[in-house]
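Only one structure is covered here, and it is reproduced in the block below.
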Amino acid sequence: MGLKLNTSREAYKEFYGRNTEQMPKLIAEGRVPMSVAELMQRRLEIRNSDTKVKSFYMDDHFVTGDGIIYNPNGMVKIVLNSQHLRDMTPESPRNDGKLVLTVEDYNALQGEEFRQDNIREDDWFSRADVKAHPIWKALARNQTLLNDYTDYIFTEGNYNVAMGIFLSWAYFNGKTPEMIAWSVGGLEKRSDGFSRGVLTSDHGRLLGIAPWMLSASEKGTSGMKKYTEKL
């Protein structure tokens with residue numbers, strides 16, 4: 001029996017295993033995959049919770065509903081609350097565990113775009129670096145949330161550097177754009193942001209948010225009531 005994450009109804013539910021197999025189950029229950037921003041806030045909310053609950057949220061990585069698309073032209077685009085990720089199934093076109101998209105898909109999807117040679121990655125950051133990093137800012141969606149979460153991780157882990165961004169350029173060598181989900185590491189892994197885990201890994205871990213938690217938005221902002229300031 002899995003750990004009980006909720007005091008009453010299952011507001012949050014874990015879906016462990018291959019993302020391509022678990023996402024359809026999550027969606028079938030009317031749930032929405034937790035975003036990076038919502039995971040940040042959830043970890044802040046459970047700071048003083050029961051030891052087992054805190055351990056569940058803090059000790060391991062989570063795969064989120066936010067995606068990153070790698071374009072063969074050297075650009076990447078962050079797509080928050082990706083519909084392509086929500087729609088994936090075991091039959092979705094893939095290349096080595098990554099969703100295969102088209103150039104038309106890439107151009108049509110909304111999201112912040114970055115060039116590989118203009119973004120600092122594969123490195124650990126100071127608190128100030130994290131709070132100013134454009135990818136963390138995009139994923140957090142809110143500067144106050146990013147600041148609070150960064151301070152918590154650095155203080156809780158007693159870190160001087162943490163929350164690195166680790167991309168996967170070496171794994172994306174296709175001729176068309178490919179998408180993977182953003183994952184966030186646990187406290188012992190310095191809460192890094194990474195996109196190196198394939199969607200077919202047996203160790204994927206999604207968190208599904210229940211429909212009654214989604215009244216504020218169908219797109220994953222319901223857990224961010226405290227953080228309304230926009231970047």
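The values are calculated or read from the model by the stated rules, or taken from the named source; none is laboratory data. Just so it is clear, the model here is predicted, and its values are computed rather than measured. Cβ: placed from backbone, ideal geometry, glycine included. Neighbour counts: every protein chain shown.
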Practice task
Among the candidates 37, 28, single out the residue that is closer than 26 Å to residue 116 by Cα, at pLDDT 95 or above and of a type in the set (A, V, I, L, M).
Solution key: 37
Handout entry: Subset of the stretch 103-146 that is of a type in the set (S, T, N, Q) and at pLDDT below 95 - its residue that is farthest from residue 195 (Cα to Cα)
Key = 118
Problem - Cβ pairs under 8 Å, 6+ apart, first in the stretch 50-70 and in a loop (DSSP other than H, G, I, E, B), second among the aliphatic types (A, V, I, L, M) - result: 59/187; 61/184
Problem - Residue in the stretch 57-77 that is surrounded by fewer than 22 Cβ atoms within 10 Å (Cβ to Cβ), among the basic types (Lys, Arg) and farther than 22 Å from residue 144 by Cβ present - result: yes
Exercise for the section: Kindly establish whether residue 42 is part of a loop (DSSP other than H, G, I, E, B) and either under 14 Å from residue 186 (Cα atoms) or touching a Lys or Arg at 6+ places or on another chain (Cβ under 7 Å) (or both). Expected result: no
Fill in the blank from the handout: Out of (1) among the aliphatic types (A, V, I, L, M); (2) buried (at least 16 other Cβ atoms within 10 Å of the Cβ); (3) outside any loop (DSSP other than H, G, I, E, B), the one residue 198 does not meet is (3)
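Tell me, please, whether a residue that is at pLDDT below 95, at negative phi and not small (Gly, Ala, Ser) can be found in the stretch 81-92. Before you say what the answer is, go through the steps one by one.
Our first condition is that a residue be at pLDDT below 95; within the stretch 81-92, this holds for none.
No, the stretch 81-92 contains no residue that is at pLDDT below 95, at negative phi and not small (Gly, Ala, Ser).
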Exercise for the section: Mind listing just one residue for me: the one in the stretch 160-180 that is surrounded by fewer than 17 Cβ atoms within 10 Å (Cβ to Cβ) and within 13 Å of residue 126 (Cβ to Cβ) and, of those, farthest from the chain's Cα centre (by Cα)? Expected result: 160
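Wholly within the stretch 82-155, which strands (runs of 3 or more DSSP E) include no fewer than the required count, namely at least 2 residues that are crowded, with 21+ Cβ neighbours inside 10 Å and touching a helix residue (DSSP H, G or I) at 6+ places or on another chain (Cβ under 8 Å)?
Working: elements: 98-100, 112-115, 123-125.
It comes to 98-100.
When only residues in the stretch 201-231 that are within 24 Å of residue 127 (Cβ to Cβ) and not in a loop (DSSP other than H, G, I, E, B) count, which is modelled with the highest pLDDT? Spell out the reasoning first.
Applying the first criterion (within 24 Å of residue 127 (Cβ to Cβ)) to the stretch 201-231 yields 223-224, 226-231.
So of that shortlist, the ones also not in a loop (DSSP other than H, G, I, E, B) come out as 223-224.
Working: 223: 47, 224: 51.
Top of the filtered list is 224.
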Handout entry: Residue among 183, 168 that is within 16 Å of residue 70 (Cβ to Cβ), in contact (Cβ under 8 Å) with a residue 12 or more places away in the chain and touching an Asp or Glu at 6+ places or on another chain (Cβ under 9 Å)
Key = 183
Handout entry: Members of the stretch 11-56 found to be polar (S, T, N, Q) and buried (at least 20 other Cβ atoms within 10 Å of the Cβ), listed by number
Key = 19, 20, 22, 35, 41
Practice task
Output yes when any residue across the stretch 128-137 is in contact (Cβ under 8 Å) with a residue 12 or more places away in the chain, over 15 Å from the mean Cα position of the chain (by Cα) and within 24 Å of residue 60 (Cβ to Cβ), and no when none is.
Solution key: yes
Handout entry: Scope the stretch 185-195; condition in contact with a helix residue (DSSP H, G or I) (Cβ under 7 Å, 6 or more places away or on another chain) and surrounded by fewer than 23 Cβ atoms within 10 Å (Cβ to Cβ); matching residues
Key = 186, 187, 190
